Amino acid sequence: MTPTPQIDHYRRFLREQRGLVFDDYTSLWAWSVTELDAFWRSIWDHFDVHSETPFEAALCEERMPGAVWFRGATLNIAAQALRHADAADAVGHPAIVHANEAMLARGELGEMRWPELRRQVGALAASLHELGVRRGDRVVAYLPNVPATAVAFLAVASLGAVWSVCSPDMGPVAVLDRFRQIEPRLLIAADGARYAGQDVDRMGMLAQLLDELPTVKDVVLLGHLDAQADPQRLAGVGHGGRRAHRWETLIANERLRAPEAVPFDHPLWIVYSSGTTGLPKPIVHGHGGVLLEMLKGSIHNNVGATVETGDRFHWYSSTGWIMWNCQVGALMGGTTICLFDGSPAGPKDAPDWSTLWRFVALSGATFFGAGAAFYGSCLKAGVEPMRHGDLSRLRAVGSTGSPLADESYDWIWANCPRPDGQPIWICIISGGTDFAGAFLAGLVTKPLVRGQMQVRSLGAAVHAFSEADEQGHGRPMIDEVGELVCTRPMPSMPLYFWGDKDNERYLSSYFDMYRGPNGEGVWRHGDWLRITPSGGGIIYGRSDATINRHGIRMGTAELYRAVEAHPEVLDSLVVDLEYLGRPSCLLLFVQLRDGLALDEPLRQRLRASIKQALSARHVPDEIHQVDAVPRTLSGKKMELPIKKLLLGAAAEQVMKRDAMANADAVAWYQRFAEGRA
């Protein structure tokens with residue numbers, strides 16, 4: 001029996017506790033972005049968030065950036081998660097279930113119960129405090145997607161220290177580009193990781209990192225590959241006599257430290273922009289804003305407390321992607337989370353795109369999310385998920401990172417369970433690391449239209465704006481493609497960028513194009529968006545990677561849908577080279593299935609598909625076969641860096657190899673650029 005939708009619980013709360021009745025989602029959304037104070041206070045009360053001290057109001061001062069929320073409130077995000085421990089454990093629900101590649105191969109599922117999560121968090125917090133970690137100190141981590149990482153985050157947050165994490169697939173340059181900016185006090189790291197069937201030892205790299213991070217006074221080693229890994233290899237007489245500690249010793253501390261209440265806007269974590277074209281932006285979010293955004297997101301994801309719904313939430317991610325933060329965020333609502341540490345494609349020498357589906361079956365996940373490219377890969381590999389395990393508990397499939405191709409919708413509906421006899425709900429979201437949330441999201445009670453995100457998120461005043469006039473004013477449009485903007489503040493928007501003098505980088509990143517009627521800031525996200533008459537949204541790609549053909553501007557997503565519908569094409573990248581005083585040149589790069597070659601008949605079929613889906617003017621001037629499409633660690637196609645490379649920039653100036661998922665792919669484009677030059 002499918003549980004009552006979370007949106008219905010919320011609407012009932014508004015009716016019974018606020019006397020508010022909304023006929024449809026459109027009117028509910030309009031209220032949520034008009035009455036910001038009332039809306040965000042309703043989220044606080046609906047989820048019974050606790051403050052240790054009285055507070056004034058939800059929205060105390062409205063401006064963007066710099067809105068003041070819940071002045072006077074004190075809380076801690078770790079306390080919000082751990083408050084669910086007793087009720088969940090009483091009926092046998094764990095906090096975390098998990099597996100790595102080796103465990104999955106054995107059909108083995110690990111489990112951490114809520115009391116043990118609470119004990120480890122309290123013990124580690126006490127140990128870190130004894131080592132001198134205090135409120136505001138930065139604690140950085142180099143850890144895989146395992147329960148220990150969630151424990152470390154909650155322990156750091158409970159002290160009021162500031163968390164930041166990189167995944168072990170990131171190289172030393174990418175890690176140092178991030179951590180050096182924030183001057184960390186302590187590092188928690190694994191000795192290595194296993195990915196795609198291969199062990200990657202990181203002890204040598206950890207020593208290299210520590211040599212470049214002089215502010216680190218203590219390092220904690222998690223023996224992930226080797227339980228006996230010696231942390232003293234990382235101790236040093238330099239940098240003030242750095243001390244090294246074993247993870248197991250710190251979590252065995254018998255003195256437990258409870259989370260301490262901090263102000264609503266106290267820094268929680270530092271996350272980073274992709275960093276493929278320059279130093280990553282170190283984005284600081286606060287405890288209260290993240291907490292409210294995560295709880296509100298559970299309404300859109302239709303994920304509730306496990307004691308009430310039986311929900312188990314899995315969104316495949318490395319620790320270096322914001323979706324890891326969002327997955328751990330499900331603990332704030334009392335939901336069991338499912339962590340998989342490994343490659344979604346199985347062993348490198350024998351790819352297996354059924355891997356995550358087997359984990360979904362093993363873990364009993366009710367919600368499974370992944371990047372859009374994952375589903376396209378499953379489709380082209382011919383995966384039949386229900387042949388690889390019992391997926392009967394699965395009620396929803398989530399997607400983000402890039403637009404989901406129409407063919408992927410059909411593949412999901414054809415190959416996933418049909419809860420209550422209906423096609424499985426596909427929850428498509430679009431948002432960003434920037435504010436740790438979604439601007440466009442799903443709604444389980446609304447019909448799903450292929451190619452569209454169902455709704456604008458509650459509390460997110462999102463519009464598609466026309467080009468800015470001379471005063472910086474834009475016009476909201478319906479059923480036209482424009483810049484994705486947010487015209488009113490949200491609690492989870494950045495507090496600031498770390499080390500950003502006078503907010504210069506923050507302002508130039510989001511507030512350099514549009515102004516409101518009274519000169520106030522308007523957030524420009526950098527995506528092309530069309531709001532449909534029914535209230536849905538379609539993302540057409542990044543607005544800084546636009547195709548401009550004969551004056552007609554077009555995002556790249558539609559072209560990718562047309563190209564990647566061909567079974568021969570695994571991936572694709574399009575670049576519009578605009579030369580001053582010369583006609584533009586539209587280049588399409590395609591990665592084909594193993595053993596296939598790009599011949600003239602396939603070129604003609606690709607051109608015909610693009611002409612039919614877009615227009616004759618969007619047919620590429622050239623189509624080339626490539627080994628791979630360069631992507632960031634979060635899976636985004638690197639359109640703009642490749643465009644700059646082909647326009648003559650040096651590769652090292654426009655991209656950071658350690659911030660890429662497949663840095664070796666760049667070599668082909670470098671040779672191609674040199675040949676054209």
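A few comments on the model shown:
Here's the yes/no breakdown for (1) of a type in the set (Val, Ile, Thr); (2) at pLDDT 95 or above; (3) closer than 24 Å to TYR375 by Cβ:
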site: GLY521; (1), (2), (3): no, no, no
site: GLY541; (1), (2), (3): no, no, yes
site: ASP544; (1), (2), (3): no, no, no
site: PRO567; (1), (2), (3): no, no, yes
site: LEU577; (1), (2), (3): no, no, no
site: GLY581; (1), (2), (3): no, no, no
site: PHE589; (1), (2), (3): no, yes, yes
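- Residue selected from the range 452-475 under the condition touching a residue at least 40 places away in the same chain (Cβ under 8 Å) and open to solvent by 50 Å² or more (accessible area, probe 1.4 Å), by the criterion farthest from the chain's Cα centre (by Cα): GLN471
- Hits in the range 619-677 - residues which are more than 24 Å from ASP527 (Cβ to Cβ), open to solvent by 10 Å² or more (accessible area, probe 1.4 Å) and in a strand (DSSP E or B): GLU622, HIS624, GLN625
- Which listed residue is at pLDDT below 95, assigned to a loop (DSSP other than H, G, I, E, B) and open to solvent by 10 Å² or more (accessible area, probe 1.4 Å), from SER318, SER377: SER318
- Flag for GLU111 being open to solvent by 10 Å² or more (accessible area, probe 1.4 Å), of a type in the set (Asp, Glu), free of Cβ contacts under 8 Å to residues at least 24 places away in the same chain and on the phi < 0 side of the Ramachandran plot: yes
- The one condition in (1) open to solvent by less than 40 Å² (accessible area, probe 1.4 Å); (2) farther than 22 Å from SER167 by Cα that SER273 fails to fulfil: (2)
- The set of residues in the range 523-537 that are more than 21 Å from the chain's Cα centre (by Cα) and not in a loop (DSSP other than H, G, I, E, B) comprises ARG530, ILE531.
- Meets criteria (over 25 Å from the mean Cα position of the chain (by Cα), touching a residue at least 24 places away in the same chain (Cβ under 8 Å) and open to solvent by 50 Å² or more (accessible area, probe 1.4 Å)) for ASP479: yes
- Counting the residues of the range 421-466 that are aliphatic (A, V, I, L, M), part of a strand (DSSP E or B), more than 20 Å from ASP24 (Cα to Cα) and touching a His at 6+ places or on another chain (Cβ under 9 Å) gives 1.
- Scoring GLY160 on the criteria (1) more than 22 Å from the chain's Cα centre (by Cα); (2) part of a helix (DSSP H, G or I) leaves a single failure, condition (2).
- Residue list for the range 7-53, filter: among the small types (Gly, Ala, Ser), part of a loop (DSSP other than H, G, I, E, B) and touching a residue at least 12 places away in the same chain (Cβ under 8 Å): SER51
- Residue match in the range 595-609 (condition: open to solvent by less than 30 Å² (accessible area, probe 1.4 Å) and within 30 Å of the chain's Cα centre (by Cα)): no
- Screening the candidates VAL121, VAL173, VAL156, VAL165 for the property of being touching a helix residue (DSSP H, G or I) at 6+ places or on another chain (Cβ under 6 Å), touching a residue at least 12 places away in the same chain (Cβ under 8 Å) and either small (Gly, Ala, Ser) or closer than 18 Å to ILE77 by Cα (or both) yields one hit, VAL121.
- Enumeration of residues in the range 58-89 that are open to solvent by 10 Å² or more (accessible area, probe 1.4 Å), at positive phi and at pLDDT 95 or above: GLY72
The values are calculated or read from the model by the stated rules, or taken from the named source; none is laboratory data. Everything numeric in this text was worked out from a predicted model, so none of it was measured. So basically every Cβ, Gly included, is an ideal-geometry build from the backbone, and we count neighbours across all protein chains shown. SASA here: full protein model, heavy atoms, side chains in, ligands and nucleic acids out. Shrake-Rupley method; radii C 1.70, N 1.55, O 1.52, S 1.80 Å.
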